[in-house]
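Undergrad: The structure is given below, and queries will be raised subsequently.
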Amino acid sequence: MAIRRGRGVAAVNYPTGMNLGGDPSQALVHSTPTGNFMVTLSSVDLGQGLKQVMAQICAETIGVKTEQVIIDTADTDTGPHCMGTFASRGTHRIGNAVIQAAKEARQVMLEVAAEALEVDAGDLETDGEGNIHVKGAPQKSISIFDTALMAHFKLGRSISGRGMFLVPRSYPEVETGAMKPSTCYAHACTVAEVDVDDETGEVTVVSIKNVFEIGRALNPKMVEQQLVGGSWMGISHALYETTEPYYPARDHAGTDFNEYLMPGPGDIAPTEIVVLERPAEDGPYGAKGPGEMCANPQIPALANAIFDAVGVRIDMMPITPERILRALKEQRATAH
Amino acid sequence: MKLAKDYFADQRTEELKELGQGLQRSDVPGHVTGKTSYFADRTFPGMLCLRMVRSPHHHARIRSVDLSEAERHPGVHRILTHKDIPHNLYTILILIQVGPEDEHVLAEDKVRWKGEAVVAVLADSEWAANEAAAKVRIDYEVLPSVLDIDAALAPDAPIVNEHHGQNHYMYDSGPSRKVRYGDVEKGFAEADHILEQTYYSSPIEQAPMETTGCIVTPDGNDRFTCYTNTQAMFFTLDNTSIILQMPGHKLHMVGGTVGGGFGGKVDVTVEPIAILAAKLTGRPVSFIYSRYEEMQVSSPRAAEKIVLKDGVMNDGHIVARQVWGYTDAGAYSRHSPYGAQKGAAHYPGPYTIPNVWVDTWCVYTNRTPSSAMRGFGVTIADFALEVQMDKLARLIGMDPLEFRFINAYRDGDMKAHRQPTTGAALIECMQEASRVASWPVAEKYMQMSSYKGG
Amino acid sequence: MAKVPVQFSLNGEEKAEFVDSGSTLLKVLRDKMGDTSPKGGCLQGTCGSCSVVVDGELRLSCLTLAETCDGADIQTTAGLASDGVLHPLQRAFMDEFAAQCGFCTPGMIMAAKVLLDANPDPTREDVIEALSGNVCRCTGYEPIIRAVLTAARSNSQNAA
């Protein structure tokens, strides 16, 4: 009887957005009289930081600071339609809609500034600090504050824009399954190292090393939040979680957080994360959806590491100590 | 976390100012001060609490329902049954033309899973609602049930859901969503080795810290405001409109920050009945799942059974992959026909294989309806695929990581669903994994690239 | 239902209410006193989201009867910042990106506060022990552990 160490690898990809498309999202953007920008959506923030990343996308596109952008969302009386927050679609679908709306608003803003500066709108650029100036002549400039005031009170123009993003729905060909499930995919490769106690069946995750390719990390700190939490959930799925531990029998079904098992703060694995960025052609500034993909590769990597450690295959999730012990018992019986 | 900027540097040409920065989240000051508003952080005078009476049986005919004692319980305002629901038979994906309607908001003649809602009690406190719910008398005739995929697909199995007519979803392609590419039989005939293995998973709960729920107020102008933690505002509004036969302009959904979703809040199970209750009583109504309901009544991630059969050559190339994927949808469709179909699109994984044959099934059983969860249609598939990859590598005596390099998809490769690969990055992820995990592979694999011809 | 009077100090302010006998402290704080910082994640004492501090001790407000808190000194996350200045724990939870959906955050911060009040220089193991009654589904816990350790360090630097 001993503690045995093993190592396993898994590599995966994950589609961005609803399978087969057909999942639109809209955005509206307008400026306040003093040059702040309001993004109106009906999308839901589940805690992943959707509001923050939309503010950064809008700010980037218009050429203002992120703190000047306010997100008004999740209200069906004010916000235009969004299919919903799922299928790793938030950043990609809604982000693209926000870019389109913000571009239209920026164009109006530049036209107003052009009138003030008596130049062509095409000759103007933003400095990202709240000013618009003539390309190559930064002294010829007007603030966005003054531009918005002028639009409102002198020119009677609305600095606003409409955005819509839709990947057209694909219908699978009946006999062959020819279809277009997604326009871009995130990728991952995970190496897991475990210690397995062949007397108790207990698994200790020694280390998890994740490499994720996510298109573009629009806010790296929030990306890290998703990836760290997702990696934890992958470990949890692999080794702990189920509502029905003896599926298909319904006995011992967990009904609360005492009975439904997940790793607590004392059970977390040393985790390393590396992010690669290959921008998606149709992603907002290249971004793909990382939120779901990041919880998948740990599961098979751990299953493979457990095999590497003790030589038994557990082909049923979750890989509990009980299942490992039963498999080890069978292995010993066959060996004799 | 480390950003490995060396990879794909030639493709990142845009200069970003506000993006690419790890700016602080604008919502976090609210989180750390307890000021962030969640749907349940509001009270209204006269608010009623809704509590469901649920089936204790997997499958049963309802002979009779006796509300008399419950209705007399102090604090009870009204008890709703299926007769109160204008359009009681629904299915959520009808909005994207995935039918048929197969589920009752409140059970009529039968219950098809343990936990199915039969009667909704409205009382002026949670205690009164719970006590009254316990006084509802329902006479059931227990029917034979099927609780797993194989039993459900057996020829003489009892029918779980008459609206489907058989214990699986019927796609336009037949009982399964199919992918057919190349000729798997020819591939198996040529293969040096064939490996067929079966993988299983059990249901998994999304377990958000905030349970599913909503609070509804009648606005006094025949409109209703529903404070909800749904993951999809209009999806909920439009389904509610169908179920209540109420024009959409009478409905106002207000979300906010949701206390975690993970796919668990995409079903429309609380809003329609709570809005109806507010309409019929003229009072604000709250319907919030208990932790027990969140764990055992709300849709989990489906259990799956996946059979993989692969033909592999001694040089490491996979020449044929056949897949049978079965999703245990439980008693009703919810999002499962979509999830099973998403699985079909995902196989054979991020590998280029010349001969592929996939059948994915959405199977009905007398279990808690399953639905979406983080990685929907893919998570369990990846478990099966990647364990199978490990077994195949060992079968031919090859390093498992090098084996994946040999088969990894690259730009331009044709996928089984007949789309050319674009934007691939699997190879680079594996190269970086080889480096960070000190798992050396032959230099030729470190020289590979996901670019066309790389 | 019989109403009973309860009187206690909430974040330094005297509060008095008539409540239904048997009401939980969580319900009274949220529904009667407008302090919605403690969250009801399970209402059965298994998730820690409702954690508050009663007379210096960490308590699950969903399992605590309001009547038993008569005369007590109760602190919640809503009262942690003083004069608009965030407590080092609140600042550290922000800096370490330790909150995502935020639902468990007030309870986590209360659990951490009781730890740091008793032990200003905790080890990682001390922090894990202190947080072991609080469930989080988003973060994987590591950022929360880091935040508590960061707050402890900033506290000791301020004291020095």
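Undergrad: Find which of B:SER336, B:GLN197, B:ALA424 sits farthest along the positive direction of the dipole of chain B, computed with +1 on the beta-carbon of Lys and Arg, -1 on that of Asp and Glu, about the Cα centre.
TA: Most positive-ward Cα: B:SER336.
Undergrad: Over the Cα atoms of the stretch B:65-221, what radius of gyration and what Dmax do you get, in Å?
TA: Expressed in Å, the Cα Rg and Dmax of the stretch B:65-221 come to 22.7, 76.
Undergrad: Could you tell me whether the protein assembly as shown comes out rounded, prolate or oblate from its Cα gyration tensor? Rule is a ≥ b ≥ c as square roots of the eigenvalues, rounded for a/c under 1.5, then prolate if a/b exceeds b/c, otherwise oblate. It would help to have the intermediate numbers written out before the result.
TA: Numbers: a/c = 1.32, a/b = 1.07, b/c = 1.24.
Note, shape of the protein assembly as shown comes out rounded.
Undergrad: Give me the inter-chain shielding for B:399-411: mean count of other chain Cβ atoms within 10 Å, whole number please. Write down the numbers at each step before the final one.
TA: On the way: counts 1, 7, 5, 0, 1, 4, 1, 0, 1, 4, 3, 0, 0.
For peptide B:399-411, the averaged partner shielding equals 2.
Undergrad: Would you work out if the stretch B:150-237 is rounded, prolate or oblate? Take a ≥ b ≥ c from the square roots of the eigenvalues of the alpha-carbon gyration tensor; rounded if a/c is under 1.5, else prolate when a/b is larger than b/c, oblate otherwise.
TA: On the way: a/c = 2.70, a/b = 2.29, b/c = 1.18.
The shape class here is prolate.
Undergrad: In 5 Å bins starting at 0, how do the alpha-carbon pair distances of the stretch C:88-159 split up by percent?
TA: 3, 19, 34, 27, 12, 4, 1
Undergrad: While we're looking at this one, here's another question. Have a look at the DSSP beta bridges in the stretch B:299-454 and tell me what percent are antiparallel, nearest 5. The partial results should precede the final answer.
TA: Details: 11 of 21 bridges.
Taking every DSSP beta bridge with both residues in the stretch B:299-454, the antiparallel ones total about 50 percent.
Undergrad: Another question, then. Report, by chain and number, residues whose modeled amide H sits under 5 Å from the one on B:ARG78, excluding near sequence neighbours (fewer than 5 apart, same chain).
TA: HN-HN under 5 Å from B:ARG78: B:LEU122.
Undergrad: Can you give the FRET efficiency for B:THR198 and A:MET164, using 1/(1 + (r/R0)^6), R0 = 56 Å, r = Cβ-Cβ distance, to the nearest 0.05?
TA: On the way: r = 45 Å, r/R0 = 0.80.
Once the sixth-power term is evaluated, E becomes 0.80.
Undergrad: How far is it, in nm, from the label point at A:ALA333 to the one at C:SER82 when both lie 7 Å from their Cα along the line to the Cβ?
TA: Label-label distance for A:ALA333 and C:SER82, simple model: 6.7 nm.
Undergrad: Quick one: which of A:230-240, A:2-12 comes out on top by average Cβ neighbours within 10 Å, and what's the full order, highest first?
TA: Values: A:230-240: 26.4, A:2-12: 21.7.
Listed from highest to lowest mean packing, they are A:230-240, A:2-12.
Undergrad: Place the peptides A:211-219, B:191-199 in order of packing, highest mean first, counting for every residue the other Cβ atoms within 10 Å and averaging per peptide.
TA: Values: A:211-219: 28.4, B:191-199: 15.3.
The peptides rank, most packed first, as A:211-219, B:191-199.
Undergrad: Additional query: Below 8 Å, C-alpha to C-alpha, sequence gap of six or more: please give me the relative contact order for chain B in percent. Write out the running numbers ahead of the final one.
TA: Numbers: 976 pairs, mean separation 78.4, N = 454.
Answer for chain B is 17 percent.
Undergrad: Moving on. So how far apart, in nm, are the two label points at B:GLU190 and B:LYS35 if each is 7 Å from Cα heading toward Cβ?
TA: Roughly 6.7 nm, to one decimal.
Undergrad: Can you tell me the order of A:246-252, A:164-170 when each peptide is scored by its average per-residue count of other Cβ atoms within 10 angstrom, highest first? Can you show the working numbers first?
TA: Values: A:246-252: 14.0, A:164-170: 16.9.
Peptide ranking by packing, descending: A:164-170, A:246-252.
Undergrad: Can I ask one more? If the viscosity is 1.306 mPa s and the temperature 10 °C, what translational diffusion coefficient in µm²/s does Stokes-Einstein give for chain A when Rh comes from Kirkwood over Cα pairs?
TA: This corresponds to a translational diffusion coefficient of 69 µm²/s.
Undergrad: Next question, about the same structure. On average, how many beta carbons from a partner chain sit within 10 Å of the beta carbon of a residue in A:169-176?
TA: Numbers: counts 2, 3, 1, 10, 7, 6, 5, 8.
For peptide A:169-176, the averaged partner shielding equals 5.
Undergrad: Okay, moving on. Explain nothing, just the number: dipole magnitude of chain B about its Cα centre with +1 on each Lys and Arg Cβ and -1 on each Asp and Glu Cβ, in debye rounded to the nearest 20. Mind showing how you got there, number by number?
TA: Values: 46 positive and 56 negative charges, 130 e Å.
Roughly 620 debye for chain B.
Undergrad: Would you compute, for the Cα atoms of the stretch A:25-165, the largest minus smallest coordinate along each principal axis and list the three values in descending order, in whole Å?
TA: Reported extents, whole Å, longest axis first: 46, 28, 22.
Undergrad: Name the long-range amide H neighbours of A:VAL206: under 5 Å, sequence gap of 5 or more, or other chain; modelled H, no Pro or chain starts.
TA: Residues meeting the amide H criterion: A:GLU193, A:VAL194, A:ASP195.
Undergrad: Rounded to the nearest 0.05, what FRET efficiency do B:ALA9 and C:ASN119 have when you use their Cβ-Cβ distance and R0 = 60 Å? Let's see the in-between values first.
TA: Numbers: r = 47 Å, r/R0 = 0.78.
It comes out at approximately 0.80.
Undergrad: I would also like to ask the following. Could you work out the per residue convex hull volume over the alpha carbons of chain C, in cubic angstrom?
TA: Working: hull volume 17.2 nm³, N = 160.
Taking the convex hull of the Cα positions in chain C, it is 107 Å³ per residue.
Undergrad: Let me ask something else. If I take all pairs of Cα atoms in the stretch C:3-79, what percentage of them are more than 17 Å from each other?
TA: On the way: 967 of 2926 pairs.
When every Cα pair of the stretch C:3-79 is considered, 33 percent fall beyond 17 Å.
Undergrad: Please report the relative contact order for the stretch B:53-148, taking Cα pairs under 8 Å with a sequence separation of at least 6, and give it as a percent rounded to a whole number.
TA: Values: 181 pairs, mean separation 46.9, N = 96.
Result for the stretch B:53-148 is 49 percent.
Undergrad: Jot down the radius of gyration and Dmax of the stretch B:242-290, Cα atoms only, both in angstrom.
TA: Considering the stretch B:242-290 through its Cα atoms, Rg and Dmax are 12.1, 33 Å.
Undergrad: While we're on this one: Can you pull the mean other chain C-beta count within 10 Å for peptide A:251-261? Kindly include the intermediate steps, with their values, before the conclusion.
TA: Numbers: counts 0, 0, 6, 5, 9, 12, 15, 5, 2, 9, 0.
Other-chain Cβ atoms within 10 Å of each residue's Cβ, averaged: 6.
Undergrad: Quick one: divide the alpha-carbon radius of gyration of the stretch B:129-197 by 2.2 N^0.38 Å and tell me what you get. Write out the running numbers ahead of the final one.
TA: Numbers: Rg = 21.7 Å, N = 69, 2.2 N^0.38 = 11.0 Å.
Compared with the compact-globule rule of thumb, the stretch B:129-197 sits at 1.98.
Undergrad: Any idea what the relative contact order of the stretch C:3-79 is, in percent, if you count C-alpha pairs under 8 Å spaced at least 6 apart?
TA: On the way: 152 pairs, mean separation 29.9, N = 77.
This gives 39 percent for the stretch C:3-79.
Undergrad: Let me ask another. Sorted by accessible area with a 1.4 angstrom probe, largest first, how do C:LEU115, C:LEU29, B:LEU3 fall?
TA: Working: C:LEU115 25, C:LEU29 0, B:LEU3 55 Å².
Result, largest first: B:LEU3, C:LEU115, C:LEU29.
The values are calculated or read from the model by the stated rules, or taken from the named source; none is laboratory data. Everything numeric here is computed off the predicted structure, so don't read it as measured data. For neighbour counting, all protein chains shown are included, and Cβ atoms are generated from backbone atoms with ideal geometry for every residue, glycine included. The area values use the complete protein model at the heavy-atom level, side chains included, leaving out ligands, DNA and RNA. Shrake-Rupley method; radii C 1.70, N 1.55, O 1.52, S 1.80 Å.
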